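Trainee: Please find one structure pasted underneath; my questions will follow.
The values are calculated or read from the model by the stated rules, or taken from the named source; none is laboratory data. This structure is a prediction, so every number in the text was calculated from the model and none was measured. Here the Cβ is made from the backbone with ideal geometry for all residues, glycine too, and neighbour counts use every protein chain on show. Only protein heavy atoms, including side chains, enter the accessible area calculation; ligands, DNA and RNA are left aside. Shrake-Rupley method; radii C 1.70, N 1.55, O 1.52, S 1.80 Å.
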Amino acid sequence: MTSNGNSSACFIPPDAAKGILITLYCTVLILGTIGIIIMIFLLCRTNTRSVTITTIINLLVIHGIFILTVPFRIAYYIQGNWIFGFIFCRFISAMIHIHMYLSFVLYVALLSIRYVSYFKKKDKIEFYRKMHSVVASAAVWIIILLVVLPAFFLQYGTAQEKYRPDQCFGFQKEIERPFVIFVNYTVIAVIFLVVCILLIVQIFIIVKILKKLKRAALDHQEFWAQLKSLFFILVMIICLFPYHMFRIYYIKHTNDCFDYNEIFLGVTALSCLDLLSFALQTYFQKVCQHMTCSLKCLGLSLR
């Protein structure tokens, strides 16, 4: 971690920044792991031919791989010293960015599949065979391993002589290159545009369902499915927007605002809690439907 001067608009006491980061990553490690375990049990009972379920499984894998890197971040922030070598530092540092953008792509894919299913009046979109879902997932991971990861590492932390061997995650010098600045602005614009479009479409669908079902909405699976879709959009807004909004300012103030950037970057890791929240939503949905059914039965018995 780096310390900022008191005159900086981004000044935050180093100990405070360290405490926030440790809290963030401990939360991600504990609750994210619990969420993955719960989702594994839930997915064991589902249809793996479903395109939606296949996307969620891939999201679970991405979260799981990232969570394996979190203990190294926590250890670094507690000790204030990196002892695992520069190459491993590059890998751990890059993984939070790779996790963030791959999660975003899977969120968009998941929502797009649900929208196609809704507008085409299909209950679900499925692969013809289970093997097809395996092949599709394998193709995604081959692209990640052969294209995404090498391209990222060729541009990330390449000048080892610029960095101290006992420090990690401070690759802000890379942002000063014109190409990297252009890529950052492009990514920010794409994420804002895509999320806004998804939010508009989702609100349109929910309003349409409410007009159709009215008070009976809570009894219908369709309404709850759209609320879950809205949840994934809210995850993107809560976890990704703060980082990318701050990124616009940070690009021009990399040296002064490093600690703030690390905190906002840590907030993106909270997207790992989506699976835990998804599981809790499923439980809450069953409770609400049971209560609604009980109230209706009670009303009928009183007549």
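Trainee: May I ask you to list the residues in the range 75-115 that are in contact with a helix residue (DSSP H, G or I) (Cβ under 7 Å, 6 or more places away or on another chain), open to solvent by 20 Å² or more (accessible area, probe 1.4 Å) and of a type in the set (Val, Ile, Thr)?
Mentor: Of everything in the range 75-115, those that are in contact with a helix residue (DSSP H, G or I) (Cβ under 7 Å, 6 or more places away or on another chain), open to solvent by 20 Å² or more (accessible area, probe 1.4 Å) and of a type in the set (Val, Ile, Thr) turn out to be 78, 108, 113.
Trainee: Restricting attention to the range 172-199, report how many residues are closer than 17 Å to residue 235 by Cβ and open to solvent by 30 Å² or more (accessible area, probe 1.4 Å).
Mentor: Summing the residues that are closer than 17 Å to residue 235 by Cβ and open to solvent by 30 Å² or more (accessible area, probe 1.4 Å) in the range 172-199 gives 5.
Trainee: Taking only the range 13-46 into account, find how many residues are without any contact (Cβ under 8 Å) to a residue 60 or more places away in the chain and either open to solvent by 60 Å² or more (accessible area, probe 1.4 Å) or part of a helix (DSSP H, G or I) (or both).
Mentor: Of the range 13-46, the ones without any contact (Cβ under 8 Å) to a residue 60 or more places away in the chain are 13, 15-16, 19, 22-23, 26, 29-30, 33, 37, 40-41, 43-46.
Now drop any that are not either open to solvent by 60 Å² or more (accessible area, probe 1.4 Å) or part of a helix (DSSP H, G or I) (or both), which leaves 13, 15-16, 19, 22-23, 26, 29-30, 33, 37, 40-41, 43-45.
Of the residues in the range 13-46, 16 are without any contact (Cβ under 8 Å) to a residue 60 or more places away in the chain and either open to solvent by 60 Å² or more (accessible area, probe 1.4 Å) or part of a helix (DSSP H, G or I) (or both).
Trainee: Please work out if residue 107 is under 30 Å from residue 74 (Cα atoms), assigned to a helix (DSSP H, G or I) and modelled with pLDDT of 85 or more.
Mentor: yes
Trainee: Follow-up question, since we're still on this one. Based on what the data block shows, is residue 252 surrounded by fewer than 15 Cβ atoms within 10 Å (Cβ to Cβ) and either in contact with a His (Cβ under 7 Å, 6 or more places away or on another chain) or not in a helix (DSSP H, G or I) (or both)? Full working, then the answer.
Mentor: Details: surrounded by fewer than 15 Cβ atoms within 10 Å (Cβ to Cβ): yes; either in contact with a His (Cβ under 7 Å, 6 or more places away or on another chain) or not in a helix (DSSP H, G or I) (or both): yes.
It is true that residue 252 is surrounded by fewer than 15 Cβ atoms within 10 Å (Cβ to Cβ) and either in contact with a His (Cβ under 7 Å, 6 or more places away or on another chain) or not in a helix (DSSP H, G or I) (or both).
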